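Note sheet for the following structure.
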Amino acid sequence: MLEVSQVSVRRGSTVTLHDISISLEPGQTLAVVGESGAGKSTLINAILGLVPCSAGQVTWDSLPVRQCWPALVMQEPRSAFNPRLSLRRSVMEPVTVRGTVVDAGRLDRLCAGLEIAQGLLDRRPAEVSIGQAQRVGILRALIAAPPLVLFDEPLSALDAVTQKHTAQLISQLQGEEGFAALIVTHDLGYAAAFADEIAVLRAGRIEELTAAQDFVQAPQTPYGQSLCDAAFALGALERVA
Amino acid sequence: MIFTATGLSAIRSGRTILHPTDVDIRPCERVGLVGASGSGKSTLGHALIDTLRAQGVRVAHVPQSPDEALDPLRSMDFHWCEAERALGLTHDASRQKKLITTLRIEGGDLHKRPWGWSRGMQQRFVIAMALIGTLDLLVMDEPTSALDPVVAADTMDLLDRYLTERQTAFLLITHDLGLAARRVARVIVMDDGRIVEDAPTEQFLLAPVTQAAKSLCAHRNWLELPC
Amino acid sequence: MIQFIAILLQRAVVVLTGAAMATFALLWHAPGDPALAIAMARHNAIVSTDVVDLIRAEAGLDAGFWSAFQAWITPLLVGDFGQSSVTGRDVWPDLVTAVSYTMPLALAALMVGLMVSVPLALVATLHPGGWLDRGAVALASIGVAIPAFWLGLLLILLFAVHLGWLPAMGARTPQHIILPALTLGLGVAASLTRILRSGILEARDQPFLPAFRRRGVAHRNIERDHVTPHAAIPFVTVFGLELAFLLEGLVVVEVIFARPGLAGFLVTAIKTRDFPKVQAVVLVTAVVFVVVNLLIDLIYRNLDPRIGE
C-alpha cells in the first residue's frame, strides 16, 4: 500500500506542502481536491520523487515508492506525448524502459477496455481527438501493470460527456486490474462519484479526509462545505426529490 | 426588439464547421449554447457576435481562456483603458474600482501584465472588462473553465444578479449541460456544426429528442443525491 | 533592476576577460616566430638572429606566456593600451583614428539597413502572399545570399565605373561613404526584412487579437499597441546579431573600397605580429559587442520582462 507519512515540501522559504499523511490500499481510490495553488501538483511530484521532501517519506509496501514503478496520467493529453512518435511507441515506452515483458493479449485487452479502436495507435498525437489521446494516456500508464497510478486532473481537458465516459472506463479497469488510484482534481463531482475517500487540500495542508459518500452529504469543515455548495451551484452534483 | 442573426456559417480549410444557421435572442433572455467539443458552438458564438455588432447591438464577449483575451506584453491597466476608449468612454476610476471590487480582484496589481496575475484573476478581470459599457447581450464562452469551482460558482451568482439588474441578455457557451441547466432558461444544442435542438430548459431536460441531446442530458451531473 | 544590471556587468567582465585571453593565446601559439615577424616589419629586411633576440627580450616574448600576458594586461586595466611593437608609437591614438573612419561607416550601414527593411517589410505584409510580398521575400532572400565582396564590386562597376556618379576608393569626401555603406547595409536590410516580415505576420496571428477586435478596438490601435511590440522582439534579436556580423563585414568592405579604418589597422597588425595593436582591436570590438548585448537585454526587459527571468 501507498503510505505518505508526514511529508513536507519547501520551495525556498515557502512551505508548499505541510505535514501530509495519507495512505492508499490497492484497488482503492483517493481523490485529492483543492483549488489552484493548494499544492495538488506538488503532492504528485513529491510522491513520484520529482521534488525532494524536506521532511517525511513516501513508501509503497515499506519500500521507496519509485521501486514500485508508479504511473502518471497527465492533464494535457496531447502534450503528454512525443509529437513525432506514433502513439504505439509512446504507449510501449514504460515496458521498454523497464525491460519487462508484457503478454501479447494485454495491449488488446486494455485497448478494448479503453475503447481504443484498431489503428488509432498507429497515428500521431496530433491526429487524434483530445478524448482519444487521454484514453491512450491511460493505456500508457496501465500497460506495465503498475500497482499505483496517479492521475493529475485527468479529465479537465475533456468535455462534460467525455469526462463521465472516461471516468467510467478508468473505474472499470481499476476493478479488473486492482491498482491503487490517486486522483488529483478540482472537480468535486468527479471525486464524489468515483473515489472511496476524498482529501481536501488547502494551502498545502490536508484540511479534511473523509469517505466520499459522507463528504458530499455532510462536509466537516466550512471549506469542505463551500466546495460542496459550489459543486451544486455549477451543476456537477444535483439534488433530486 | 429581438436580436436576430441569420445565415451564420463558417468554413475552415475546406471543411464546413458551421452550417448556415439563424439565431435569435430576446432582450433579457438567458440562453445556453451546449454541445460536445468540436460541435461548432464557439464558432457560432463568434459569428453571432460579429453579426450583431455590425447591426449596432451592444455585445460583449468573454473568451474561453484569458490567453485569448489579454496581450501578455501589456499591463492590465492598459487593457482597461483601451477597452474604455473602444467604447468611446473616458477613463472613470470609480467605475473601474466598482467593477473590480464586484469581481473581487482588488488584490491584483493593475500595473502588472497578465502573467503577473493568477489565471483565475485574469479571467475575472476579462469579465469585469466586458461589463464596462452598457450591454444588450453578454456572450461567455466556458466562463468557468479557468476558475476554481468555489470562485466559479461565486462569479456566476454575481453575474446573475448583475445581468438581472441591468436587464441584459446572456448567452452561455458551454460543453457542460449541468452548468447551463442551472443558469439559463433556454437551451440550444449543437452537434456537428448544426443546431439540433432549441427548447426551454425544463422541457429540454425532460424530453431531449436527438442522440446528442440525450447523451448530454444523461451525463449532465456526476451524482444525483436525494434532497 | 539594480540586480539585473549587476548581473549584466558581471557577464560583460567575463566576456571581456575571455576575449582578451583567447586572442593573446591564439597569437602566442600561432606558427612562426613573433620576434622575427616584428623584426622584419621594423627593418623591412632580413635581420641577424642577434637583432631578433634583442627584440624578443624587449617585447617580453622570452618570458613565457603568463608573464607576457600579465605584462600586457596590467597597464590595460588602467586604460593604457601600450605601444606598437613595430613602430614604438602609442596604440591608442592610431586606434582612435581608425575607429573614426569605421564608426560612421557602421552607423551609415545600419541606417541603410533600417531604412530599407522597415518600409519593405511593412509593404510586404499589407497583403501577405500577394505579389508585393513575394517580391520582397525574393529580394530579401537574394540579398542574404549575396556576399558583401561581390555586391561591393558590382556597385563599384555600376556607380563608379559605368555611371561615374560616386567615388569608389578612399575616404576623402562624405560621398565616399555611400557605396561601402550600401554594400554593407543592403545585406543587413535583407535579413532584417525577412525577420520583420515574419515577425509582423506572426504577431498578427496571436490568439488574443480576435477578442480585441470584438471589444471594438480599432485596427490602427491593434497594429500599433499589440502587433508592433510582438513583432519587435525577434527584430531586436536579429538587429543585435547583425551588429555583430557587421564588424566582420566591415573588414571586407574596407579592404574592397580601400578605406582606412579598423580593417587596415587589424590586418597590418596581424601580419607583423604586433600584439598590442591586435589586442586593442579585439578589445574594442568585444566592448562594442558587450554594450550592444547589454542594450538589447535592456530593450527586451522593457518589451517582455519574462525574457531572461
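The values are calculated or read from the model by the stated rules, or taken from the named source; none is laboratory data. What you see is a predicted model, and the numbers here were worked out from it, not measured in a lab. Backbone-built Cβ (ideal geometry, glycine too); neighbour counts: all protein chains shown.
Of the residues A:Ala80, A:Ala117, A:Ala38, A:Ala126, which is within 25 Å of A:Gln163 (Cβ to Cβ), out of contact with any Asp or Glu (no Cβ under 7 Å at 6 or more places or on another chain) and within 14 Å of chain B (Cβ to nearest Cβ)?
A:Ala38
In the stretch A:196-234, how many residues are away from chain B (no Cβ under 11 Å), in contact with a helix residue (DSSP H, G or I) (Cβ under 8 Å, 6 or more places away or on another chain) and aliphatic (A, V, I, L, M)?
3
Could we say that A:Arg78 is over 26 Å from A:Arg11 (Cα atoms), basic (Lys, Arg) and at pLDDT 90 or above here?
Against the criterion (over 26 Å from A:Arg11 (Cα atoms), basic (Lys, Arg) and at pLDDT 90 or above), A:Arg78 does not qualify.
For the stretch C:199-218, state whether one or more residues are within 13 Å of chain B (Cβ to nearest Cβ), on the phi > 0 side of the Ramachandran plot and not charged (D, E, K, R).
yes
Please pick out the residue among C:Val291, C:Val217 that is in a helix (DSSP H, G or I) and of a type in the set (Val, Ile, Thr).
That would be C:Val291, the only listed residue that is in a helix (DSSP H, G or I) and of a type in the set (Val, Ile, Thr).
When you look at C:Phe159, is it modelled with pLDDT of 90 or more and among the hydrophobic types (A, V, I, L, M, F, W, C), yes or no?
In short, no.
Residues that are over 19 Å from B:Gln211 (Cα atoms), at least 3 per element: which strands (runs of 3 or more DSSP E) completely within the stretch B:3-42 meet that?
Output list reads B:3-12, B:15-25.
With respect to A:Gly189, is the statement that it is at pLDDT 90 or above, within 25 Å of B:Asn221 (Cα to Cα) and either basic (Lys, Arg) or surrounded by 19 or more Cβ atoms within 10 Å (Cβ to Cβ) (or both) true?
Yes: the conditions hold for A:Gly189.
Tell me, yes or no, whether the stretch B:152-159 has at least one residue that is within 14 Å of chain A (Cβ to nearest Cβ) and in contact (Cβ under 8 Å) with a residue 60 or more places away in the chain.
Among the residues of the stretch B:152-159, not one is within 14 Å of chain A (Cβ to nearest Cβ) and in contact (Cβ under 8 Å) with a residue 60 or more places away in the chain, which makes the answer no.
Could you figure out which of (1) under 17 Å from B:Ala180 (Cα atoms); (2) away from chain A (no Cβ under 14 Å); (3) surrounded by 21 or more Cβ atoms within 10 Å (Cβ to Cβ) isn't true of B:Cys28?
Here B:Cys28 meets the rest and fails (3).
Can C:Pro147 be described as out of contact with any Leu (no Cβ under 9 Å at 6 or more places or on another chain) and over 22 Å from C:Glu202 (Cα atoms)?
On the way: out of contact with any Leu (no Cβ under 9 Å at 6 or more places or on another chain): yes; over 22 Å from C:Glu202 (Cα atoms): yes.
The answer is yes for C:Pro147.
Please go through the stretch B:163-209 and pick out each residue that is within 27 Å of A:Asp187 (Cα to Cα), crowded, with 19+ Cβ neighbours inside 10 Å and aliphatic (A, V, I, L, M).
B:Leu171, B:Leu172, B:Ile173, B:Leu177, B:Leu179, B:Ala180, B:Ala181, B:Val184, B:Val187, B:Ile188, B:Val189, B:Met190
What are the residues in the stretch C:75-88 that are surrounded by 11 or more Cβ atoms within 10 Å (Cβ to Cβ) and either touching a Leu at 6+ places or on another chain (Cβ under 7 Å) or farther than 24 Å from C:Gly32 by Cα (or both), if any? Full working, then the answer.
Start the filter on the stretch C:75-88 by keeping residues that are surrounded by 11 or more Cβ atoms within 10 Å (Cβ to Cβ), which leaves C:75-76, C:80-87.
Residues satisfying the conditions are C:Pro75, C:Leu76, C:Asp80, C:Phe81.
Just one of A:Ala126, A:Ala167, A:Ala133, A:Ala157 is surrounded by 18 or more Cβ atoms within 10 Å (Cβ to Cβ), under 24 Å from B:His175 (Cα atoms) and either more than 20 Å from the chain's Cα centre (by Cα) or modelled with pLDDT under 90 (or both); which is it?
On the way: A:Ala126 fails: surrounded by 18 or more Cβ atoms within 10 Å (Cβ to Cβ); A:Ala167 fails: either more than 20 Å from the chain's Cα centre (by Cα) or modelled with pLDDT under 90 (or both); A:Ala133 fails: either more than 20 Å from the chain's Cα centre (by Cα) or modelled with pLDDT under 90 (or both).
The conditions single out A:Ala157.
Tally the residues that are outside any loop (DSSP other than H, G, I, E, B), touching a residue at least 24 places away in the same chain (Cβ under 8 Å) and more than 9 Å from every other protein chain (Cβ to nearest Cβ), restricting the search to the stretch B:117-134.
6
Can you tell me which residue in the stretch B:174-227 is farthest from B:Leu163 (Cα to Cα), limited to those that are among the basic types (Lys, Arg) and within 13 Å of chain A (Cβ to nearest Cβ)? I'd like the intermediate steps shown before the answer.
In the first step, residues of the stretch B:174-227 are kept if they are among the basic types (Lys, Arg); the result is B:182-183, B:186, B:194, B:214, B:220.
Still in the list and also within 13 Å of chain A (Cβ to nearest Cβ): B:182-183, B:214, B:220.
Working: B:Arg182: 15, B:Arg183: 12, B:Lys214: 30, B:Arg220: 25 Å.
The selected residue is B:Lys214.
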